[in-house]
1. Could you tell me the distance between the Cα centroids of region B:262-330 and region A:26-62, to the nearest Å?
2. Quick one: with label points 7 Å out along Cα→Cβ, list the inter-copy distances for residue A:187 in nm, shortest first?
3. How long, wide and thick is region B:251-385, going by the Cα atoms along their three principal axes, in whole angstroms, largest first?
4. Mind checking which of B:334, B:287, B:183 has the largest fluctuation in a GNM of chain B, springs on alpha carbons under 10 Å?
5. Give me the inter-chain shielding for B:246-258: mean count of other chain Cβ atoms within 10 Å, whole number please.
6. Mean 1/r over all different Cα pairs, inverted: what Kirkwood radius does region A:310-412 give, in Å?
7. By count of other Cβ within 10 Å, fewest leading, how are A:79, A:410 ordered?
8. Principal axes first, then extents: for the Cα atoms of region B:225-291, list largest minus smallest coordinate on each axis, whole Å, largest first.
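Please treat every number below as a calculation from the coordinates, not as lab data. Small disclaimer: the values here were computed from a predicted structure and weren't measured. We place every Cβ from the backbone using ideal geometry, glycine too, and count neighbours over all the protein chains shown.
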């Protein structure tokens with residue numbers, strides 16, 4: 001088996017699971033309980049949060065632990081809630097889910113029309129659904145990308161108005177691996193804020209970034225990147241599923257998504273997922289320890305894939321995470337390829353897993369200007385810790401074989 | 001060590017952990033991915049949901065998996081969101097959390113004044129914070145309890161108006177273990193609905209119940225109980241922390257708390273916590289299998305405690321789960337008792353863990369009419385699977401000794 005879909009899911013590392021294990025059955029106490037063993041669990045939990053925070057140059061108290069990146073992204077956008085004038089109405093924008101089967105989403109365009117003024121929220125058109133769908137709830141406006149997948153900074157500058165309060169740009173895209181120039185976006189934001197200050201306009205302007213895909217591949221420091229809100233995800237970096245975090249700077253004022261016992265500074269109630277956070281911390285520690293080694297290894301594997309594979313067009317040519325290879329084959333149905341490769345024990349993706357499962361064409365590949373035919377022939381290969389160099393060569397051979405077979409079938 | 005705080009947290013059972021383990025590092029695939037091993041994981045996940053649902057007489061598609069009971073309670077209350085006329089405004093009611101340290105909650109009283117009509121939501125005054133705090137967000141009105149902890153059904157009947165849409169009553173209270181007469185509440189609701197129908201008034205009237213504490217101690221069937229929404233929690237029944245579920249009947253129309261990839265029928269986006277749900281299902285399976293045995297065992301232990309312990313006043317005399325013994329000692333500070341017992345290896349609680357950790361006096365004990373002094377001297381002992389009969393005798397001896405010491409100290 002050769003798994004080349006590490007952007008969709010990563011296995012929990014052995015050391016992560018070992019770190020978690022004592023917290024399932026032995027140190028299982030409720031961190032809020034009054035007796036010493038519970039207080040020790042609480043201290044371990046806080047120490048784990050500090051480890052995660054430290055890895056991005058923050059403090060434990062700057063983090064809100066969530067059930068994953070989706071919740072963290074949703075929580076980040078609540079900075080748009082406590083507003084003086086009525087531009088966001090939960091009542092009219094909330095999609096109604098009938099029974100629990102069908103959901104109807106209001107569109108961002110409709111809301112803009114209704115509200116008749118420019119948007120408080122700008123987000124990159126290539127963002128993951130957990131940003132896009134939330135952005136639509138807030139009537140957000142999309143910023144386009146250049147054909148290389150990078151944010152169109154000129155469009156960003158044009159679209160920032162006095163109404164703008166939040167800009168959301170992922171650190172690395174989940175379909176292409178494209179690394180966005182966040183520090184540059186932060187610089188633009190600083191200029192706007194300075195200019196607003198001169199005019200006496202007091203309005204927040206925050207930068208949010210979903211860094212789910214990047215934590216084990218880029219050196220992330222919230223101050224250097226200039227972000228106010230940042231989403232992290234354990235499950236993409238060999239940590240457990242169901243755990244994520246939101247970094248929250250002192251400038252960002254959030255509202256809870258859920259209410260209850262007041263855990264996580266009142267922003268995220270519920271008994272703490274102690275084993276999950278202990279595992280997350282170990283995953284982050286490992287990610288940081290092996291950052292440079294992994295990058296070199298993945299860059300070498302990317303090179304091997306690009307030289308060994310045949311007859312493809314490379315889509316993510318530049319600015320991509322080393323672990324991402326996105327290809328396109330002419331006149332080939334990628335969904336069929338996934339199936340044929342699966343039969344030979346090679347697991348790859350056609351796009352984001354959640355989009356793919358719904359048969360939706362990738363909005364990311366569309367945004368960078370690919371034709372429908374190119375999109376239909378696109379494969380995403382994401383290498384990772386389950387792979388070896390030998391596997392990479394083997395995968396290239398298998399993919400070449402399957403592609404040849406497909407071309408023979410079509411011409412035959 | 002004798003752990004008598006099973007209402008605060010339970011250890012993950014060995015068999016639960018064994019069931020989860022393959023899903024951390026082997027069957028780690030994203031359930032939304034297109035290749036076979038991922039589809040197998042997806043099938044296992046759905047089967048686990050079916051097991052959980054089956055235990056309460058429901059189908060897998062009736063469940064929304066959440067990160068725990070708090071999120072499930074919050075999600076349940078979204079049935080109040082899609083309303084035609086403006087009685088709930090997210091903008092004005094959302095508490096603003098400044099930085100991430102301080103939070104300001106709007107009070108239910110203020111909201112009622114602002115809105116100038118009776119409440120759409122009734123909830124039991126003794127509910128857990130994860131119901132109470134959400135209820136306050138929606139301007140909910142509390143229903144009192146009788147001195148025995150049971151819902152005041154007459155007050156409930158009086159408070160139901162044409163505006164009422166949701167009634168939230170936990171199946172068993174988390175501080176007293178009081179089992180509420182849910183079927184009776186459901187009967188009252190049916191009568192009101194029938195009467196409304198006759199008058200042509202089309203307005204939902206739903207019954208929500210937080211069953212977190214009861215899943216392994218009561219035979220729960222959603223149809224028999226007559227609930228439309230029910231909250232379940234893995235972490236209270238020897239399953240993993242960070243996993244819960246909301247049962248949603250076809251009558252209940254909810255809005256998502258978070259948006260994203262559209263998992264859980266669009267109501268709860270985010271990559272599924274597969275190991276967590278597998279573990280939850282195993283915990284539920286075990287709970288059902290050992291239901292009668294456990295009840296008998298815990299009832300016997302409760303009897304032992306009541307006969308061996310000395311000089312106490314029993315608070316939860318009737319209608320309580322067999323595992324709950326809530327006591328009160330005159331002129332003794334229960335917080336000091338927790339500390340003294342901890343030193344002798346006996347772990348008990350003074351109230352709900354999250355309330356206790358904030359030094360807040362129990363609203364539950366207050367609601368059943370206890371004086372401040374009684375509340376200050378109250379202990380909650382909750383037995384469970386970590387205990388043996390020998391431990392129960394031993395715990396009673398240790399508690400008696402500590403109490404004697406305290407009385408000696410005071411009189412000495």
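1. If we compute the Cα centre of each part, the gap is 26 Å.
2. 7.4
3. 57, 35, 35
4. Largest GNM mean-square fluctuation: B:183.
5. Details: counts 1, 0, 3, 2, 4, 1, 3, 5, 7, 8, 10, 4, 16.
Taking all residues of B:246-258 together, the mean is 5.
6. Working: mean 1/r = 0.0705 Å⁻¹.
Result for region A:310-412 stands at 14.2 Å.
7. Numbers: A:79 23, A:410 9.
Arranged by neighbour count, lowest to highest, A:79, A:410 become A:410, A:79.
8. Computed over the Cα atoms, the extents are 36, 31, 14 Å.
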